[in-house]
Amino acid sequence: MMKPLRDVGLVGYGAYVPRYRISAEEISRVWKMGEDNLQLEEKAVPGLDEDTTTIAIEAARNALRKAALDPSKLSAVWLGSESKPYSVKPTATIVAEAVGATPHTTAADWEFACKAGTEAMQAAIGFVGSGMADYAMAIGADTAQGKPGDQLEYTAGAGGAAFVVGPKDESMAYLEGSHSYVTDTPDFFRRPNQQYPTHGSRFTGEPSYFTHTIMAARTLMDELGYGPEDYDRVVFHQPNSKFPVRVAKRLGFVEEQYRDGLLVPYVGNTYAASSGIGLAAVLDKAEPGERILLASYGSGAGSDAFSFVTTEYITRGRNPIPQISDYVNRRREIDYAQYARHRGKLVMY
Amino acid sequence: MSLAKHWRMQQQRYRLTGMECEDCGAKLLPRRLVCPRCKSHNLQPYSFKGQGMVHSYTVVYDAPSGYDGYVPYPAALVRLDEGPLVAAQLTDVDIDEAYIGMPVEMVTRRLREHGESGLIVYGYKFRPKLKDQA
Amino acid sequence: MRRVYITGIGQTPVREHWDRSARDLAASSILQALEQAGIDKADAIYVGNALSGELTGQEQLAALIADFAGLTGTEAIRVEAAGASGGAAVRLGYLAVASGVHDTVLVTGVEKMSDLAGPAVEEALATSTDEEYEAIHGLSIAALHALLMRRYMHDYDLERRDFAHFSMNSHRNAVNNEYAMFRRPITVEAFEKARLVADPISLLDSAPVADGAATIVLCSDKAAGERANSSVEITGSALATDALALHDRPNPLFLRAVQESAHKAYAQAGVAPKQIDIFELHDAFAILATLSLEASGLAPEGQGVRLAMEGEIALEGRIPICTMGGQKARGYPVGAAGVYQIVELAQQLRGDAGANQVDARVGMAQSIGGTGATAVTHILRSP
């Protein structure tokens with residue numbers, strides 16, 4: 001388990017999900033994969049003018065408003081994503097400029113599939129915890145791309161979640177400890193000139209998602225001396241509706257604990273934002289003094305686990321700053337043709 | 001495709017910044033050197049809150065190069081709460097949903113790309129207000 | 001100030017001249033005007049052109065045209081003010097003669113638009129808007145006018161079809177103009193069904209871009225000699241500007257540049273608005289026509305469309321406009337339009353308007369750039 005010398009926590013958080021939705025039923029209508037494969041109701045689709053940058057900017061702005069923090073006080077804007085609009089050129093600098101954190105700050109893009117955002121969070125904890133900085137922002141955002149007709153097309157969604165790490169006494173939720181569990185496990189990857197990723201089918205399950213998530217979460221809990229009953233809420237990475245429920249059960253958690261953080265049925269797998277928006281959703285509902293476990297997962301593979309306890313500040317700024325539920329409830333359904341246009345699957349040039 | 005031309009507009013476009021006249025208090029968008037109201041040269045940067053309402057709207061069907069991939073798209077003149085009018089696209093709204101008086105708020109979105117290999121230009125657009133601002 | 005007379009006019013038909021370039025079009029209109037004026041040279045040439053560089057890659061157009069028209073060496077300069085380029089060129093020609101600097105000048109308006117198509121043309125037209133604050137948002141010139149039209153409809157309780165009368169009037173008049181691009185009448189139904197370009201502006205509410213050139217010869221009384229008695233005279237000339245971007249104007253529905261230039265022209269010419277017998281206005285879009293009537297003092301604010309609905313803009317109405325088809329039906333080679341307006345007004349005031357003849361003594365021509373940031377007004381008097 002890892003814990004910084006200086007106590008830290010989340011002084012603010014924010015999330016964002018785009019407005020458009022395509023239902024699993026509609027994707028099925030085109031690819032005729034049948035009812036069995038329907039793992040969720042619908043997924044979020046970015047608008048024509050949205051991308052990882054714009055999604056990250058809105059999540060970050062919400063987080064800064066929540067923190068009531070002057071953006072120039074940020075010492076880091078770290079963005080984790082696997083769908084950056086530029087392959088070469090940092091997206092984080094655009095976000096940093098847009099939120100007003102520049103120029104006296106660090107900024108960088110992070111990568112570790114769906115746990116890129118929590119990677120950045122680990123680093124932000126270290127940054128603030130070492131005393132190098134008072135405030136550091138970690139963001140996970142993605143506009144995931146699924147190969148047409150592939151299973152992943154049902155779940156590849158879009159969204160962003162941002163967290164501002166700062167001193168414990170200013171936090172809405174302070175950190176008790178964290179742990180990362182990483183191995184070289186190639187369950188899902190994309191070579192540079194490929195448009196769509198390759199995934200390992202059933203290999204993405206037991207040796208990948210389950211092993212890493214369980215090891216990170218269990219190691220953290222053991223070293224903190226906690227069992228699942230000590231937690232009010234738990235949030236996992238959500239690639240589909242089944243995996244997070246199964247891993248919760250295997251770790252000994254019950255539905256009341258994971259229910260509020262399970263958003264994948266409504267927005268799909270938001271990749272680097274997935275566990276982050278689940279965390280944002282439970283923080284939106286939590287009362288002071290609740291213990292929350294977050295365990296992300298990223299293919300390649302690894303899991304970052306964090307144990308948080310909410311403070312009296314947790315209820316600050318619930319209005320008028322948008323909550324994740326405001327975005328989830330804001331929906332415009334589109335059909336497969338519009339979806340293909342939105343996702344750039346129609347060649348325009 | 002000009003890099004510098006877009007770069008120098010970035011802060012204004014990302015954050016919706018204009019000027020405030022120190023003498024008469026007018027809030028000005030866009031950036032100016034001389035206050036149109038009192039002719040003062042005492043202008044300081046001012047960041048608009050981004051809240052406003054639709055003063056007029058349209059839907060563009062015949063678009064200029066670089067925007068034709070987005071048609072049809074809605075655009076508007078927005079009356080910001082602080083006073084000025086600003087021209088911008090509307091977003092997150094169906095093309096028949098806009099109306100004069102609609103409350104809107106600023107978001108940062110892609111304005112355009114310069115083809116598949118060129119610069120992406122980000123800037124302000126307005127969407128229907130998500131929540132009432134207390 | 002000396003008196004300024006129009007002693008010669010020339011024009012090419014307005015259409016897509018696939019086989020002719022700008023220099024060809026300009027030169028042919030110059031040769032026509034020179035012949036009519038009975039001269040073979042001039043002291044200066046003012047070329048009104050908006051988009052030569054953008055659309056054809058050609059700058060330094062005036063020197064090129066002077067040479068190509070056989071007037072190599074003549075003082076020549078291009079004048080640009082977007083859609084008001086032609087009017088602005090007339091203004092400079094007028095100033096040159098009225099001030100006494102030159103005796104005889106040519107004013108040529110030319111635009112070659114058909115070498116590009118679609119989005120590339122929209123992009124070129126958008127250069128008349130505020131690049132940093134309007135064009136960057138994908139606001140085409142039509143979209144900006146659509147914003148004005150939508151607000152006007154809201155403020156004055158009008159429907160889209162109410163605006164049809166401007167296009168219908170222009171088309172009706174163009175039937176008898178052999179130089180016009182579209183010479184068939186249109187109906188209200190066709191107007192309503194036409195494809196939208198920028199809601200609520202449709203294809204039948206937008207002046208068609210095209211190719212064309214028109215030239216006038218301006219002479220001082222001294223240079224005109226006896227011809228002066230039978231020549232149309234420019235009695236008022238004024239140019240004014242306004243903030244470029246719509247959102248920079250305190251009231252976007254009031255065209256301050258139009259008001260300023262019109263009133264200065266009225267004052268100089270010693271006429272009141274109601275004495276204007278013909279108004280060749282800048283009908284790039286019906287909303288612009290409406291707002292021009294209002295800002296020129298020919299209709300109260302909010303009543304411009306009603307004037308058209310009541311038939312007062314027709315040849316037989318109280319204030320005939322676009323008597324040879326206007327921008328909408330005669331066609332709109334952008335930078336040339338302002339000179340075509342003078343040519344058409346001169347035809348009317350000379351009694352050469354054929355089936356479209358209006359009994360007129362005093363006429364007004366008004367050329368507008370973009371959404372109204374430049375406005376040039378000229379008042380002409382019959383011989």
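Just so it is clear, none of the values below were taken in a lab; they were calculated from the coordinates. Values in this document were obtained by computation on a predicted structure and should not be read as measured data. Every residue, glycine among them, receives a Cβ derived from its backbone with ideal geometry; neighbour counts consider all protein chains shown.
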**Prompt:** So how far apart, in nm, are the two label points at A:Val30 and A:Lys249 if each is 7 Å from Cα heading toward Cβ?
**Reply:** 3.3
**Prompt:** Quick one: Cα centre-to-centre distance for segment A:278-297 and segment C:62-88, in angstrom?
**Reply:** 72
**Prompt:** Once the Cβ-Cβ distance between B:Ser47 and A:Asn193 is put in as r, and R0 is 45 Å, what FRET efficiency do you end up with, to the nearest 0.05?
**Reply:** 0.60
**Fill in**
Counting lysine pairs in chain C that sit 8 or more positions apart or on different chains, with Cα atoms under 20 Å apart, gives 4
**Complete:** Partner shielding of B:81-90, taken as the mean number of other chain Cβ atoms within 10 Å, equals 4
**Request:** Go ahead and run the numbers for FRET between A:Glu312 and A:Arg65, Cβ-Cβ distance against an R0 of 30 Å, rounding to 0.05.
**Result:** 0.95
**Message:** Could you derive backbone 3J(HN,Hα) for segment C:318-324 from the dihedral phi with the Karplus parameters 6.51, -1.76 and 1.60 (θ = phi - 60°), listing whole Hz in sequence and x where the residue is Gly or Pro?
**Reply:** 6, 9, x, 10, 6, 5, 10
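Where the eigenvalues come from the Cα gyration tensor of segment A:173-313, what are the semi-axes √(5λ) of the equivalent ellipsoid, largest first, in whole Å? Display every interim value, and only then the final one.
Working: eigenvalues 134, 53, 35 Å².
Over the Cα atoms of segment A:173-313, the semi-axes work out to 26, 16, 13 Å.
Can you check what the net charge comes to around A:Tyr297, using other residues whose Cβ is under 12 Å from the Cβ of A:Tyr297 (Lys, Arg +1; Asp, Glu -1)? Can you show the working numbers first?
Values: positive: A:Lys115; negative: A:Glu119, A:Asp187, A:Asp304.
It works out to a net charge of -2.
In nm, what is the difference between 0.36 nm times the number of residues separating A:Ala337 and A:Lys89 and their Cα-Cα distance?
On the way: separation 248, 0.36 × 248 = 89.28 nm, distance 3.13 nm.
Length difference between fully extended and current span is 86.2 nm.
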**Prompt:** For the protein assembly as shown, can you list the cysteines whose C-beta has no other cysteine C-beta under 4.7 Å from it?
**Reply:** A:Cys114, C:Cys219, C:Cys322
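Which FRET efficiency value, to the nearest 0.05, do you get for A:Asn319 and A:Glu206 by plugging their Cβ-Cβ distance into 1/(1 + (r/R0)^6) with R0 = 60 Å?
Result of the calculation: an efficiency of 0.90.
Which entries in the list A:Lys147/A:Lys242; A:Lys3/A:Lys242; A:Lys168/B:Lys131; A:Lys89/A:Lys115; A:Lys249/A:Lys285 go over 24 Å, if you measure between the two C-alpha atoms of each?
Among A:Lys147/A:Lys242; A:Lys3/A:Lys242; A:Lys168/B:Lys131; A:Lys89/A:Lys115; A:Lys249/A:Lys285, the Cα-Cα distance tops 24 Å for A:Lys3/A:Lys242; A:Lys168/B:Lys131.
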**Between segment B:90-134 and segment C:312-383, the alpha-carbon center distance in angstrom** = 41
**Fill in**
Violations at 21 Å Cα threshold for listed pairs B:Lys49/B:Lys125; B:Lys27/B:Lys49; A:Lys73/B:Lys5 -> A:Lys73/B:Lys5
**Item:** Relative contact order (%) - criterion: Cα under 8 Å, at least six apart; region: segment A:179-278
**Value:** 23
**Request:** Specify the angular offset, from 0 to 90 degrees and rounded to the nearest 10, of the alpha carbon long axis of helix C:164-174 from the longest principal axis of the alpha carbons in chain C.
**Result:** 30
**Asked** For the protein assembly as shown, what are the per-bin percents of Cα-Cα distances with bins 10 Å wide, up to the bin holding the maximum?
**Response** 2, 13, 20, 19, 15, 11, 9, 7, 3, 1, 0, 0
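Ignoring everything except DSSP H segments at least 4 long, calculate the 222 nm mean residue ellipticity for the protein assembly as shown; use -39,500 (n - 2.57) per segment, divide by total residues, nearest 500.
Numbers: 26 runs with 244 residues, N = 866.
Value at 222 nm, helices only: -8000 deg cm²/dmol.
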